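Below is one structure, written out as structure tokens; comments come after it.
The values are calculated or read from the model by the stated rules, or taken from the named source; none is laboratory data. Quick caveat: nothing in here was measured; it's all calculated off a predicted structure. A quick note on method: Cβ atoms are made from the backbone with ideal geometry, for glycine too, and the neighbour counts reach across all protein chains shown. Each accessible area value is taken on the protein alone, full model and side chains, heavy atoms only, with ligands, DNA and RNA left out. Shrake-Rupley method; radii C 1.70, N 1.55, O 1.52, S 1.80 Å.
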Amino acid sequence: MRNLSCRRCAWFLLMAVLLSAALAVPAFAQEAEAVQPSLYATVWSLVPPVVAIGLALITKEVYSSLFCGILVGGLFYSGFSAEGTMMHIFEDGFIAVLTDSDNMGILIFLVILGAIVALMNKAGGSAAFGQWASKHIKTRAGAQLATMMLGVLIFIDDYFNCLTVGSVMRPVTDKHQISRAKLAYLIDATAAPVCIIAPISSWAAAVSGYVKGEDGLALFISSIPFNFYALLTLLMMVLIAVLHVDYGPMAIHERNAMAGDLFTSGSVSASDVSDEVKGKGTVADLVLPIAVLIVFCVAGMLYSGGFFSGTDLVTAFSDANVSVSLALGSFFGFVATVVLYKLRGVLGLRHSMDCVAEGFRAMVPAILILTFAWTLNAITGSLGAADFVQAAMEQSSRGLMVLLPAIIFLVGCFLAFATGTSWGTFGILIPIVVAVFNGIDHQMMVISISACMAGAVCGDHCSPISDTTIMASAGAQCDHVNHVSTQLPYAITVAVISFVAYIVAGLTHSALISFAAGAALLLGFLLVMRQFDRNR
């Protein structure tokens, strides 16, 4: 009954949104005025993503929920003019994000990586790796820890991390009957949380670029011990694997997976979902293409950053165009894989080319959700959400200095959750933090910058419209809403404990004491949850 009631409320909200659009039809003939919307930089600018996220969680349907959020944003921007709404949604929204070179580079990377995965499956490399792993990885805990270790090793970029780890580890986790929701969580939790504490990564470069008048890389490195959300997330993954504890919706998915239903669909068995294809392939036919892909993507980052033109390594990573790098790297990786399989005689050219279409089809859901999410982000930006949060932060920064890291963490969580972007959150909050503490308290500036980054990653980790979350679902081939709903309790647990750790950090200025307090709280919570599960 409760589920039915929620669905009725969701459909009522959906109909209300559509009715609002219908009532705006009389204004259809009016000229769209290029003026700042009346709701600009107000709390209303955050309503569109809240509507989209709320509907997605209630209805379990992503596409229409995201479009409803976009529609609400368009109505707010145009002053409820139907013509202005449609023009803003399509011209400033969908068309603008799909013609953006960075976004298009990511889509090209997605399609080509999908083709590489299809190649590895058709050649039998995935099946061979699954068989090898089943002999060497004996337990479910081992499979989870192996997935985590691979995610930690691929720290260059979160997009690349999500899809690569998913492609490699799916056969392993399927063999050990680990749910696709748990795999998606492990992928997502070793993407942004690892990148944000890796000094050589696209994320380190982005953060360094937002710190004006300071040594950005030195500040980034100094902030790593204080990035409690990222560090506690990694500890959380180890503990839930070793202690064999799951809770919330994830526990249901894991029980169903051990019964043969990896998707908690009630109708799909583990044998039905395997994307392995028996062929002539060996473990090398999976390992070599992945290794070559990593090398080409890193080389692409160095090339786009000017390393081969004399720029030093750190600067090259800082100046790298990640979108172009991944597109170039994946293209050359695909060509190398086709040539490798042809020379080894495991796959002919015609069958290899068939994998391009197969890879594209596999990535269509991720491409659609990404397009909607990017459009919603653009619409939210046009309403001045960033300016609203910036003004609110500047006002609150005048007092409660000791509690400011914890407050910044919460604001970063909310902003990244609502907008689905970590990097945008960095751009808003980090300059404010530097302005408040620069020349006054360097250690508090380091802690607050770390709190900003941790909050941004936490919100990004929780948000259904985050591109990293979407990529993790695609990498695990997991239903997106299932991934979000199962991951949310775990992310919120770490977020609450991180908030307490930042209060301790504000009082003590010690990373060790604060992290120890957070780790103790996390261990205690998981032990309580395990005991609770045993007593049921």
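Only one of Thr164, Thr139, Thr190, Thr173 is under 20 Å from Tyr229 (Cβ atoms), polar (S, T, N, Q) and touching a residue at least 24 places away in the same chain (Cβ under 8 Å); which?
Only one candidate qualifies: Thr190.
Every residue in segment 292-316 that is open to solvent by 20 Å² or more (accessible area, probe 1.4 Å) and modelled with pLDDT under 85, please.
Ile294, Val298, Gly310, Thr311, Asp312, Leu313, Val314, Thr315
Grab the helices (runs of 4 or more DSSP H) fully contained in segment 283-383, keeping just those with 2 or more residues being within 25 Å of the chain's Cα centre (by Cα) and closer than 30 Å to Trp44 by Cα.
Once the helices (runs of 4 or more DSSP H) in segment 283-383 are filtered for at least 2 residues that are within 25 Å of the chain's Cα centre (by Cα) and closer than 30 Å to Trp44 by Cα, what remains is 349-382.
For segment 138-166, which positions are open to solvent by less than 10 Å² (accessible area, probe 1.4 Å), more than 16 Å from His244 (Cα to Cα) and of a type in the set (Ser, Thr, Tyr)?
Correct list: Thr164 only.
Write out, first by first residue and then by second, each pair whose Cβ atoms fall under 6 Å of each other, whose residues are 6+ apart or on separate chains, and whose first residue, in segment 240-252, is closer than 17 Å to Asp479 by Cβ while the second is aliphatic (A, V, I, L, M) and surrounded by fewer than 17 Cβ atoms within 10 Å (Cβ to Cβ).
Close Cβ pairs satisfying both conditions: none exist.
Gln443 versus (1) under 22 Å from Pro48 (Cβ atoms); (2) in contact (Cβ under 8 Å) with a residue 40 or more places away in the chain: which is the lone unmet condition?
Gln443 satisfies all of (1) under 22 Å from Pro48 (Cβ atoms); (2) in contact (Cβ under 8 Å) with a residue 40 or more places away in the chain except (1).
Which condition number in (1) at pLDDT below 85; (2) within 18 Å of Ala418 (Cα to Cα) is the one that Phe109 fails?
Just one mismatch for Phe109, condition (2).
Considering only residues that are charged (D, E, K, R) and closer than 20 Å to Ser101 by Cβ, which ones fall in segment 287-338?
Passing the criteria: only Asp319.
How about segment 258-273: which of its residues are closer than 22 Å to Leu57 by Cα, of a type in the set (A, V, I, L, M, F, W, C) and either at pLDDT below 50 or open to solvent by less than 30 Å² (accessible area, probe 1.4 Å) (or both)?
Leu262
Report whether or not Val433 is farther than 23 Å from Asn256 by Cα, at pLDDT below 90, crowded, with 21+ Cβ neighbours inside 10 Å and in contact with a Ser or Thr (Cβ under 6 Å, 6 or more places away or on another chain).
The answer is yes for Val433.
Output the helices (runs of 4 or more DSSP H) that fall wholly within segment 462-536 and possess 1 or more residues being open to solvent by 20 Å² or more (accessible area, probe 1.4 Å) and out of contact with any helix residue (DSSP H, G or I) (no Cβ under 8 Å at 6 or more places or on another chain), or say none.
By residue number, 480-508, 511-535.
What residue, among those in segment 171-193 that are open to solvent by 10 Å² or more (accessible area, probe 1.4 Å) and part of a helix (DSSP H, G or I), is modelled with the lowest pLDDT?
Checking each candidate, the answer is Lys175.
Which numbered condition in (1) of a type outside the set (Val, Ile, Thr); (2) under 26 Å from Ile197 (Cβ atoms); (3) in contact with a Phe, Trp or Tyr (Cβ under 6 Å, 6 or more places away or on another chain) is the only one that His88 fails?
(2)
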